[in-house]
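The values are calculated or read from the model by the stated rules, or taken from the named source; none is laboratory data. Quick caveat: nothing in here was measured; it's all calculated off a predicted structure. Here the Cβ positions follow ideal geometry from the backbone for every residue, glycine too, while neighbour counts run over all protein chains shown. Note: accessible area is taken over every heavy atom of the protein model, side chains too, but ligands, DNA and RNA are not part of it. Shrake-Rupley method; radii C 1.70, N 1.55, O 1.52, S 1.80 Å.
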Amino acid sequence: MDAVYTTEALSTGAGRDGRSVVKDSDLDFTMTAPKEMGGSGEGANPEQLFAAGYAACYHSALKAVAKDKGVDVENSSVGARVKLGKNDEGFFLGVDLEVTIPVSFGELALGGTVTVPTLDNPVKVKVPAGTPNGRTLRVKGRGIPKRSGAGDLMVTVEVKVPKDLDPSATSALRAYAQAEKDSGFDPRAGWAGL
């Protein structure tokens, strides 16, 4: 492999209860085991650092793929949930990726399929008709691959409202709004604010 970039870190002390320093940076951490593993939980732990790295790298990959496809992901976000697990063979990491993608109202109301970039090949995610804004859809096995199996890809859908509508779209939307009102649909029915 021809390395494009290489970095180094050094751990001293008692590993999880020691100190980790990343060479040529200002990253210098007091490490402590999480409370769930008998530690104080007062410092950083390796899984937190993995989560930050995975989130940043996947977000960069998402933006690169989106740019190549001409897709605007200006307000996108990516999270990584790192889990430390244990089985008969020892400890292992599981990493779920969490991405928020923009969708249209029509895609949520009528259903559809959206393409989400992953670390290898894009995955098509089915959005069922009537999906509410902010719903998270799980795609099993499409997170970060590991020896113990891949984590999941968690896709949160968020409606992107167009800033400018042409006259035809404006007319169609007004007709829809009136039909919605005529049908008796009230998005705030039962809401405590009424």
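Please compute the net charge surrounding Thr136, taking Lys and Arg as +1 and Asp and Glu as -1 over other residues with Cβ under 15 Å from its Cβ. If you can, show how the numbers build up before the last one.
Values: positive: Arg81, Lys126, Arg135, Arg138, Lys140, Arg142; negative: Asp96, Glu98, Asp152, Glu158.
Around Thr136, the charge tally is +2.
Give me the extension gain from Phe185 to Val123: residue separation times 0.36 nm, minus the current Cα-Cα distance, reported in nm with one decimal.
Numbers: separation 62, 0.36 × 62 = 22.32 nm, distance 3.41 nm.
So the chain would gain 18.9 nm between Phe185 and Val123.
Put +1 on the Cβ of every Lys and Arg and -1 on every Asp and Glu Cβ in the stretch 65-194; which of Phe92, Pro128, Gly151 then has its Cα farthest towards the positive end of the dipole?
Most positive-ward Cα: Phe92.
About the Cα centre of the chain, how large is the charge dipole given +1 on each Lys and Arg Cβ and -1 on each Asp and Glu Cβ? Please answer in debye to the nearest 20. Each step should come with its number before you reach the end.
Details: 23 positive and 25 negative charges, 103 e Å.
It comes to approximately 500 debye.
For q values of 0.21 Å⁻¹, compute log₁₀ I(q)/I(0) with the Debye formula on a Cα-only model of the stretch 96-182, without solvent.
-0.99
Under 13 Å from the Cβ of Val21, count the other residues' Cβ atoms, weight Lys and Arg +1, Asp and Glu -1, and hand me the total. It would help to have the intermediate numbers written out before the result.
Working: positive: Arg19, Lys23; negative: Glu8, Asp24, Asp26, Asp28.
Surrounding charge for Val21 is -2.
What is the set of long-range amide H partners of Thr156 at a cut-off below 5 Å, with H atoms built 1.01 Å from backbone N?
Residues meeting the amide H criterion: Val99, Thr100, Ile101, Leu137.
Please tell me which of these pairs span more than 19 angstrom C-alpha to C-alpha: Lys35/Lys86; Lys63/Lys124; Lys23/Lys63?
On the way: Lys35/Lys86 16 Å; Lys63/Lys124 17 Å; Lys23/Lys63 27 Å.
Result: Lys23/Lys63 exceed 19 Å.
Which lysines have a Cα lying under 30 Å from the Cα of Lys181, excluding residues fewer than 8 positions away in the same chain?
Lys126, Lys160, Lys163
Mind listing the phi-derived Karplus ³J(HN,Hα) values for the stretch 159-171, rounded to whole Hz, using 6.51, -1.76 and 1.60 with θ = phi - 60°, and x for any glycine or proline?
5, 9, 8, x, 7, 10, 10, 6, x, 5, 5, 4, 4
If all Cα-Cα distances of the stretch 1-45 are sorted into 5 Å bins from 0 onward, what percent lands in each bin, rounded to whole numbers?
Once binned at 5 Å, the Cα pair distances of the stretch 1-45 give 6, 23, 23, 17, 12, 9, 6, 3, 0.
Just to be sure I follow: if Rg is taken over the C-alpha atoms of the stretch 18-107 and Rh is the Kirkwood radius over the same atoms, what is Rg/Rh?
Working: Rg = 17.2 Å, Rh = 15.7 Å.
That ratio is 1.10, to two decimals.
What number comes out for the charge environment of Pro102, summing +1 per Lys or Arg and -1 per Asp or Glu over other residues with Cβ under 12 Å away? Before the final figure, lay out each step's value.
Working: positive: Lys160; negative: Asp72, Glu74, Glu107, Glu158.
Surrounding charge for Pro102 is -3.
By how many degrees, 0 to 90 and rounded to 10, does the Cα axis of helix 46-69 deviate from the longest principal axis of the chain?
40 degrees
Kirkwood hydrodynamic radius, computed over distinct alpha-carbon pairs, for the chain: how many Å, to one decimal?
Values: mean 1/r = 0.0493 Å⁻¹.
Hydrodynamic radius (Kirkwood, Cα only) of the chain equals 20.3 Å.
I'd like the accessible area for Arg138: 1.4 Å probe, protein heavy atoms, all chains in place, Å² to the nearest 10.
It works out to around 130 Å².
What does the highest-first list of 158-168, 89-99, 14-24 look like by mean Cβ count within 10 Å? Don't skip to the answer; put the middle values down first.
On the way: 158-168: 10.0, 89-99: 16.5, 14-24: 13.5.
Result, highest mean first: 89-99, 14-24, 158-168.
Could you look at the stretch 1-132 and say what percent of its accessible area is carbon and sulfur, using a 1.4 Å probe and all protein chains? The partial results should precede the final answer.
Values: 4690 of 8630 Å².
Carbon-and-sulfur percentage of accessible area, whole number: 54.
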